[in-house]
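Here the structure comes first, spelled out in structure tokens, and everything after it is commentary.
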Amino acid sequence: MSRDQKPRSKTARKPAKSGGGVIVGIFIGLVLGALLAAGTAWYLTQASPFQPPPNTPAAILSGDQPPISLPGKPGDRPVVRQDFEFYRILPQGNDGAQTAPVAPQPQPEPARAERLYLQVGAFEDPSEADNMKALLALNGISANAQRTQLADGRIVHRVRIGPFNNPEEMNPIRSRLASAGLTASVVRVNP
């Protein structure tokens, strides 16, 4: 041995008894966690979390006022329905006199007006129709796409703007389409 070293003793130490250290550790952890949670709650709310707030509903109500009755509770009076005037205005109203019923006059059928649409395009691919609708929406024009089957069996997606009652209503939309570089054709549809 070159250095002064003490020889190690060959006797082993006895392990210390833990005496329930795990249970004590869990209990201490729970107490520290509860204190930490209460401290955090107090810090965030700047008030004690264990006391009720000062403005509780019991403090707002005073004992002098009677409770407010709500409709629909037992013991309340039924809600009175309002009597409308138009029942008295009818021909068999208050006087009780029977009058002859008036035969309805046949009204002329209104002329079926044509509906006008501006068709911006017809596409076989639905994504192209959606792209056209998006382009029109960017220009402030609302359009809709209709799926239609043609006589030869193909399916076409029409992009149309409208309906319009007369051609004068279409002019501002047509000018906005022209400024966007788009052309549209007028389509007449009978309802």
Pairs with Cβ under 7 Å, 6+ apart, first in segment 141-154 and assigned to a loop (DSSP other than H, G, I, E, B), second exposed (fewer than 13 other Cβ atoms within 10 Å of the Cβ): Arg154/Glu124
Residue match in segment 13-26 (condition: at pLDDT below 80, surrounded by 10 or more Cβ atoms within 10 Å (Cβ to Cβ), in a loop (DSSP other than H, G, I, E, B) and not small (Gly, Ala, Ser)): no
Count - residues of segment 155-168 that are without any contact (Cβ under 8 Å) to a residue 24 or more places away in the chain and either among the aliphatic types (A, V, I, L, M) or under 14 Å from Tyr117 (Cβ atoms) (or both): 0
Output for segment 158-176, where each listed residue is out of contact with any Lys or Arg (no Cβ under 9 Å at 6 or more places or on another chain) and either of a type outside the set (A, V, I, L, M) or assigned to a loop (DSSP other than H, G, I, E, B) (or both): Arg160, Asn166, Pro167, Glu168, Glu169, Asn171, Pro172, Arg174, Ser175, Arg176
Within segment 120-140, considering residues that are assigned to a loop (DSSP other than H, G, I, E, B) and over 26 Å from the mean Cα position of the chain (by Cα), the one farthest from Arg158 (Cα to Cα): Asn139
Arg160 vs. criteria at pLDDT 85 or above and surrounded by 15 or more Cβ atoms within 10 Å (Cβ to Cβ): yes
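The values are calculated or read from the model by the stated rules, or taken from the named source; none is laboratory data. Since this is a predicted model, take the numbers as computed values, not measurements. Ideal geometry is used to build each Cβ from the backbone, glycine not excepted, and the neighbour counts take in all protein chains shown.
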